[in-house]
Amino acid sequence: MEMINVNGLSFQYPESASYALDGVNLRLKQGEFVVVGGPSGCGKSTLLHLLKREIAPHGSPSGDISYFGKSLDEWEERVLMEEIGLVLQDPENQIIMDDVMQELVFGMENLGYSPIDMRLRLAEMVHTFSVEHLLNQKTTTLSGGQKQQLNLLSALLLKPKLLLLDEPTSQLDPVAAKDLLVMLERLSKELGITVIVVEHRLEELFDKADRIVFMQEGKIAYDGKSREVIHQVFKQQDTSFLPYIPAISQMYLEMEHSPTVNQIPLNVNEGKAWLASLPAMDQMIKKENGKSTENPKPIIELKDVYYQYEKSSSMVLSKLSLSLKKGDFYAVMGGNGSGKTTLLKTCLGLLKPQRGIVKRFGRKLTNKSVNRVHQNIAYLSQQPHTFFIQDSIEKEMLLITEQHEIQDSEQQIDSLLNTFGIEHLRNRHPYDCSGGEIQKAALACMLLTKPTILLMDEPTKGLDPISKIKLQSILRRLHSEGLTILMVTHDIEFTARIATKCAMIFDGKITAEAPPHSFFKGNYFYTTSINRVTQNSQFPEVLTLEEAVHSWQERELA
Amino acid sequence: MYFNHPIFLVTILLLLIFVNISHDGGKDLRKWLPTLSIMSTLIILINPFLVSRGTTILFYFRGKQVTVEAFMYGITMALFIAIILVIFISFNIILNGNRFLYIFSKFLPRIALMIMMAIRFVPLMKRRLDEIGDVQRLRGMSMTVGSLKTRVRSGMLRIQILLTWSLEEAVHVSNSMKARGYGSEGKKSSYTPYYMEKRDWFWLFVLASLMVVCFYGGKLGYGQMIIYPELGPWQFFQFDWVVFFCMLILTSFPLITEGREKLRWK
Amino acid sequence: MARARASLIIATATVFIMLIVMYAVFNYHNYLLLSLGIIGGIMMLFFIRFEIKTVKTREIVILALLAAIGAVARVPFAGLPSVQPTSFVIITVGLVFGAESGFLVGALAALVSNIFLGQGPWTPWQMFAWGTMGMSAGLLRQFAGMGNLWVLNTFGFIWGFIFGWMMNLWIVFSNMQNFTWEFLVGIYVSSFYHDLAHAISNIVFISLFSMSWTRILNRFKKKHGLLEDPALNQTINRT
């Protein structure tokens, strides 16, 4: 049965010259699991918000959206409120109440359900998803993943037929993101709820979705089953969507001489099966290159550091030692609550360890020196916009050049803006920039003082694949120009492509430290998907797609 | 001040302290103890030297008479203030956060919602301030070094960043509310995990009756001692005892119910 | 709407009945309760007026948010105890969003910060004092415009003292039977330095930040068309 029919929908925001949506046609059957992707500003969020009438953005729409054959405007307000549920991007911004229980019943209270009805639905929901442990907590004590789960549950309590999700996993760590997606899959398969997810992180979703829609500049660029869309994008070598495609599928398409649409592998299992079906090749041991024999000076040194937040809480860092050498691109990885961020803050001098020595540039860190050496250190936080005080990026940069008495400021600013490709954002308010843009702007500002170290906290969180690639090339360039970089991250694929040294933090200690090749190759779970496919196969074990293609070509030539 | 008979006040205070201890073992009370004792001592000492009413003169201080009555008055006042503070300490423990908003939300739903949201925002704002503080400190905006003016400036700059940031996010908050039916027409209902059962009504009635007796007694002057112009007798009259016992049951009601629970589980 | 009007009338009536009952039962004795009844009643009228109005969801969120920001504004200044940033937040909100919003944010900021710091008999007084501070800031803009930094600074300075004086009242009222002028003067003299610090910090914040804060709030207001007071706009257009 047809549920949604978007017919020639166009939309223009007030005071904007271009169309956010430009003649979109989309038909949705009941029970479909649809994923919508595309670069920032392609109109996918606008489309999603227009489907939920209460929050439809102001502007001038044309065209028509119908729901079960009747235009959205003709439906009764209450019916649409109940039948179309919505979950937004940032879990923090959707929680209204202090208690989990109050938050869950918020929607039902607004619609005037009877207490008995509320109790019934609540009981049913809690048992189905076994979330009893959350019920009596305060919302602030929940983790990001639990918060997003709570948001999903409170939308579900109104028993929606259509569920809209606007980048629901972009602020979550990979494990929590996976949990949420599993829950969505369950909703779709077990309850037959129609799901539309707008998302950047698609690796997992290609496998789960019935249908993929790619949008670009307000229009639908691709629409079809996962494998069909992958095939089309690959065939046209469409650079604006290639980064969205799972690495395993790309590997297949790159290497298979006669690829067929139905055979495109979407997950590790299918990838392994495909590799096994190929004739074996002899292994060639690849040498780890770029190994330098010289021993540069450590810039940041931690020795036997212990840290706990409160007297009664457990040690977050215990006997941790780390040394960051000049020219390193060091990635610290680890699960939630493993102490990654604590480690970063200790390196920054923001936290003072209870025991142990922290040295920076060979000198012990004191309260005074933290305040003095800030010119040498740049810190890109998870919230880059907290860096900005002024109301335009140019003003901010001018302020910094003033504060630090930098010569020929104009020229410096121009060249940095050019390097980062954000010349057009010069007069933009920092809060009107997208996630990728604001990150670049913050980096540009920090580089004005010519720091020698850059520390980053989860730099790829919430970025779309294109921005990620841009960030990668910027970081590579900065690194090659001599900047020492330390980052903590969850992003395995990103680390594998860019870091020179990886480390895992567990139980308050650095448990393994090695260049990415040797670091990931031994891992069983904690490695890139390409590596998981090529591990223990008759093919050389590689980490990234580029590497795979490269080694393949070498062999073909040989 | 309603009852001012010291025996009444001391009994009430002791009982309330026990009630308070039954909540959390007196943890919060201990925090307030210094304030409480300093305040009471000050009042007891200051009153007789400021006020020279009363007839029974103890001694003269700088030509002003210091009277027993004024001392007595200071003591009752100190007891009274201590009682109010202890009640509020209990109030803060029992009606923490949102519980009293359940009552509120029936009459002023919108204000109650705003208060609840503000309560929920406070920890979020604190966390955001921490993040802002980290970033800005590394930019050289310190709260610990520099002149008072630069510190005040960098402190308010952090709040300003918090304001700009949070205003942007507020739009999403309101979208999430609207998506779940807030502001829709039609009647709202409320889900309360607390009920009034039959016995609750019964006890409410009992307590109310005791209250009426106390009020009535107080109005007739029972439970009160004449202080000015001359200290009256300490003696209890017959109806004084009635009022006293009503007051006793009223104040120790939480102890009785809690105690019964405790006994049952032993 | 009619039902809402009725509840306003009922509330007003209740306030008066409460006052009469207190007068009768307490025989002039209990000034603390009487004064609490009066300020509670006045605040209730403001609250009910807000309940009746048609307000956008977004505006409710913004007001709650501003109240929370007012309440946490003390956090960065933990090391500087004489600085009182909350008043500045409330004054600015009153200036930009008008008298009613100023009152609500002031009263709520007091209530909410006390939920974390501890409620007491002073809570209603604090709500009232900060509420009227925000309200008067809204009225100030309506009558005197807001461009002049001198006017604002004088306003902030005076309010530093008025706030302290209002807060002293709860101590005065709870000791009414014992009232002497020496007692009153003693209390007001002892709070002088504290009030002065408050007044000076108001001036410092207003001169350093009122421009940028007004700009930030106005940018947001314009972007989303929020909390517009038609009467206010007329005065702005005229000037």
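Ordering A:Gln102, A:Ser480, A:Leu253 by Cα displacement along the dipole of chain A toward the positive end leaves A:Ser480 in first place; charges were set at the Cβ atoms of Lys, Arg (+1) and Asp, Glu (-1). Remark: the range C:57-238 carries a charge dipole of roughly 680 debye about the Cα centre, counting +1 on each Lys and Arg Cβ and -1 on each Asp and Glu Cβ. Residues within the reach of a label modelled at A:Asn376 (point 7 angstrom out along Cα to beta-carbon, backbone nitrogen below 19 Å), restricted to the range A:327-350, are A:327-330, A:344-350. In loop segments of the range A:296-350 as defined by DSSP, the trypsin sites (Lys or Arg not before Pro) with at most 15 further C-beta atoms inside 10 Å of their C-beta are A:Lys311, A:Lys326.
The smallest convex shape that holds all Cα atoms of chain B, its convex hull, gives 243 Å³ per residue.
Projected over all directions and averaged, the alpha-carbon convex hull of the protein assembly as shown occupies 50.7 nm². Compute, for the range A:298-529, the length of the dipole vector about the Cα centre, with Cβ point charges of +1 (Lys, Arg) and -1 (Asp, Glu) only. Units Debye, rounded to 20. Magnitude of the dipole: close to 1160 debye.
Sites listed here are chymotrypsin sites (Phe, Trp or Tyr not before Pro) in the range B:219-266 whose DSSP assignment is loop and whose Cβ has at most 12 other Cβ atoms within 10 Å: B:Trp234, B:Phe237, B:Trp265. Solvent-free Debye calculation, one equal scatterer per alpha-carbon of the range A:298-529: log10 I(q)/I(0) at 0.11, 0.13, 0.17, 0.18 Å⁻¹ equals -0.57, -0.80, -1.29, -1.40.
Summing Lys and Arg as +1 and Asp and Glu as -1 over all other residues whose Cβ lies under 15 Å from the Cβ of B:Ile161 gives a net charge of +3. Between B:Ile57 and C:Trp181, the C-beta separation translates, for a Förster distance of 22 Å, into a calculated FRET efficiency of about 0.45. The H on the amide N of A:Lys219, modeled in the peptide plane, is under 5 Å from the matching H of A:Asp22, each at least 5 residues off or on a different chain. Scaled to the globular estimate 2.2 N^0.38 Å, the Cα spread of the range C:57-238, given as radius of gyration, is 1.05. Using a cutoff of 8 angstrom between alpha carbon atoms and counting only pairs six or more residues apart, the relative contact order for the range A:1-41 works out to 42 percent. Measuring r between the beta carbons of A:Ser415 and A:Lys326 and using R0 = 22 Å, the FRET efficiency lands at 0.35. Just to be sure I understand the model, the point goes 7 Å from the Cα along the line to the Cβ. What's the resulting A:Glu74 to A:Lys352 distance in nm? Those two pseudo-labels are separated by 7.1 nm.
Determine which residues of the range B:128-166 fall in the zone a paramagnetic label at C:Lys222 would reach in this model, i.e. backbone nitrogen under 17 Å from the point 7 Å along Cα→Cβ. Residues passing the 17 Å test: B:164. Extents of chain A, taken as max minus min of Cα coordinates on every principal axis and listed largest first, are 71, 59, 51 Å. Taken one residue at a time, the phi angles of the range A:224-233 give Karplus couplings (6.51, -1.76, 1.60, θ = phi - 60°) of x, 5, 3, 5, 4, 5, 4, 4, 4, 4 Hz. Gly and Pro are set to x. Could you tell me the distance between the Cα centroids of the range B:29-54 and the range A:211-232, to the nearest Å? The range B:29-54 and the range A:211-232 have Cα centres spaced 77 Å from each other. In percent, how large is the relative contact order of the range C:57-238, given Cα pairs closer than 8 Å and 6 or more residues apart? Worked out over the range C:57-238, it gives 25 percent. Across the range B:100-179, the relative contact order, built from alpha-carbon pairs under 8 Å that are at least six residues apart, equals 20 percent.
Using only helices, what value at 222 nm comes out for chain A when you add -39,500 (n - 2.57) per DSSP H run of length 4 or more and divide by the total residues, to the nearest 500 deg cm²/dmol? Per the formula, -10500 deg cm²/dmol. Taking GluC sites (Glu not before Pro) across the range A:488-558, none is in a DSSP loop with at most 11 further Cβ atoms lying within 10 angstrom of its Cβ. Between A:Lys521 and B:Tyr194, the simple spin-label model (points 7 angstrom out along Cα→Cβ) gives 6.5 nm.
Between A:Arg27 and A:Val6, the built amide H atoms are under 5 Å apart, and every one of these is 5 or more places off in sequence or on another chain. In this structure, B:Lys262 and A:Asp179 have a Cβ-Cβ separation that, at R0 = 35 Å, corresponds to a calculated FRET efficiency of about 0.25. Averaging Cα coordinates gives a centre for the range A:411-464 and one for the range A:91-158; these two points are 38 Å apart.
Coordinate-derived values only; no laboratory data. Quick caveat, the model's predicted, so the values are computed rather than measured. Quick reminder, even Gly has a Cβ in these numbers, built from the backbone with ideal geometry, and neighbours come from all protein chains shown.
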